[in-house]
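Novice: Below you will find the structure I want to go over with you.
The values are calculated or read from the model by the stated rules, or taken from the named source; none is laboratory data. Given the structure is predicted, the values throughout are model-derived calculations rather than measurements. These area figures cover heavy atoms from the full protein model, side chains too; ligands, DNA and RNA do not enter into them. Shrake-Rupley method; radii C 1.70, N 1.55, O 1.52, S 1.80 Å.
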Amino acid sequence: MSAPGSPSASGPPRPRKEDAPHGANPLRRTSDRFESWFRRVLMLFLVLGLPMAALSAGLTAYESSMRTVHAQAAERHEVTARLASNVLGDDRSKQTAQIRWTERNGVVRTGTALVEPGTSKGATVRVWVDRDGTITAAPMNAVTAKANGWFVGGMTALCVVAGFYAARAAMCLALDRRRYAQWDVEWDLVEPLWSGRFRR
């Protein structure tokens, strides 16, 4: 059985007084500590900022789109128009044709719309018109508003992630340049002493 305090004694070795405290690294530079701190700050911003930014941007885009939905729904209405002439052609793409419809107040209006080729005169066509009786596109609906919200929120999240990686890359580049400059200065001091040993 080994005597207490002998080199072969069992158990963990006793800590020496000259040992560095836990977590301290004498080779760790100030730039290393700054890089570690900056990475933690960036990660905190990423974890907390990404969902907040994406949610805020998505909700803002959705609410703006819904205002457009309500405004267009109030300004536009759908009417049933009739073709004023036959639409000829064998092409599969729609063609422009003259149409005529009667407004709610009895005013007869005319315009043009895209219809399928081969449609005969007098066929009905559903079109959207504004308050002035001008043919326009269908109003935006709630599904499109939700899609806009999700799209803007997703793009915002991607931008936050891209900003995170760009900031981290810029920080590493700046620190590496500073480290290389310090190494050049230190090498200029050490190299003459180090190489002089081989000239003796």
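Novice: For N141, which sequence-distant residues (separation of 5 or more, or a different chain) have an amide H within less than 5 Å of its own amide H, given hydrogens modelled in the peptide plane?
Specialist: Residues meeting the criterion, in which the H sits 1.01 Å from N, do not exist here.
Novice: Of the heavy-atom accessible surface of the range 115-200 (probe 1.4 angstrom), what whole percent is carbon and sulfur?
Specialist: About 63 percent, which is the carbon plus sulfur part of the accessible surface.
Novice: Another one. Give the ranking of C159, C172 by solvent-accessible surface, highest area first, calculated with a 1.4 Å probe.
Specialist: C159, C172
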